[in-house]
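Below: one structure, written as structure tokens.
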Amino acid sequence: MTTTDWDPSRTEIKSERLSLKLFTPGDAEELYACITPSITRFMQWEPPRSSAAFGAVWRSWLEPNLDGSDLHFVVRRSQDGRCLGLVGLHAANTVSPELGIWLNEGAQGQGIGREAIAAVVAWASEKLAPDSFDYPVAEENIASRKIAERLGGSVVGRRSNPKYIAVVYRIPKLRR
């Protein structure tokens with residue numbers, strides 16, 4: 001993808017049950033309402049203590065979304081537009097972009113995480129043409145590990161961070 005053909009306002013990924021669009025400031029309130037200590041248990045960051053603190057976080061996403069270097073997709077249920085969480089595609093223009101996801105508690109355990117990650121992998125495989133995708137997950141996060149494994153991912157490394165040990169999966173790009 002080049003900057004000449006990149007139009008973030010037109011970027012939408014659809015799957016059977018989901019619609020994913022790049023984050024805009026209009027999504028902030030709904031997204032903040034999804035963040036709880038429970039869902040951040042397996043994330044590298046702690047939940048923001050206030051809407052204002054979250055503002056500092058989401059403002060850092062705007063420029064990378066615009067230039068296509070680091071993408072933050074808001075996950076919504078197609079049926080009613082309900083905000084379910086966020087998928088990140090970090091270092092998007094590299095040979096192996098990094099995936100991340102978090103979903104509100106009510107959206108977990110329904111295959112939505114796999115569907116959202118698979119949709120982003122399919123879109124990015126076509127639009128960005130990476131060699132593969134890296135997907136670091138907490139070693140104890142069985143649900144996220146299953147997402148990677150169901151998409152053909154295999155463990156290629158480990159990382160330590162202050163909250164947990166992560167395993168890094170490499171997920172192959174989709175070939176058409």
With each label point set 7 Å from Cα along the Cα-Cβ vector, what nm distance links V156 and R59? 3.6 nm
Explain nothing, just the number: relative contact order of segment 10-130, from Cα pairs under 8 Å at least 6 residues apart, as a whole percent. 27 percent
For 83-93, 46-56, 31-41, 120-130, ranked highest to lowest by mean beta-carbon neighbours within 10 Å, the order is 83-93, 120-130, 31-41, 46-56
Summing -39500 (n - 2.57) over the DSSP H runs of n ≥ 4 in the chain and dividing by its residue number, what mean residue ellipticity at 222 nm do you reach, to the nearest 500 deg cm²/dmol? -8500 deg cm²/dmol
For a distance above 13 Å, tell me the whole-number percent of Cα pairs in segment 111-164 that qualify. 62 percent
Using a Förster radius of 30 Å, what is the FRET efficiency between K163 and D80 based on their Cβ-Cβ separation? Nearest 0.05, please. 0.35
Using the eigenvalues of the Cα gyration tensor, what equivalent ellipsoid semi-axes result for segment 10-130 when each is taken as the square root of five times the eigenvalue, whole Å, largest first? 21, 18, 14
Send over the Kirkwood Rh of segment 85-176, from the inverse of the averaged 1/r over different Cα pairs, rounded to one decimal Å. 13.2 Å
Percent RCO, i.e. relative contact order, over segment 60-132, from Cα pairs under 8 Å lying at least 6 residues apart: 24 percent
In whole angstrom, note down how far apart the Cα centers of segment 93-151 and segment 5-27 are. 16 Å
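Here, each number is a calculation from the coordinates, and none is a lab measurement. All values derive from a computational prediction rather than experimental measurement. Virtual Cβ from ideal backbone geometry, glycine too; neighbours counted across all protein chains shown.
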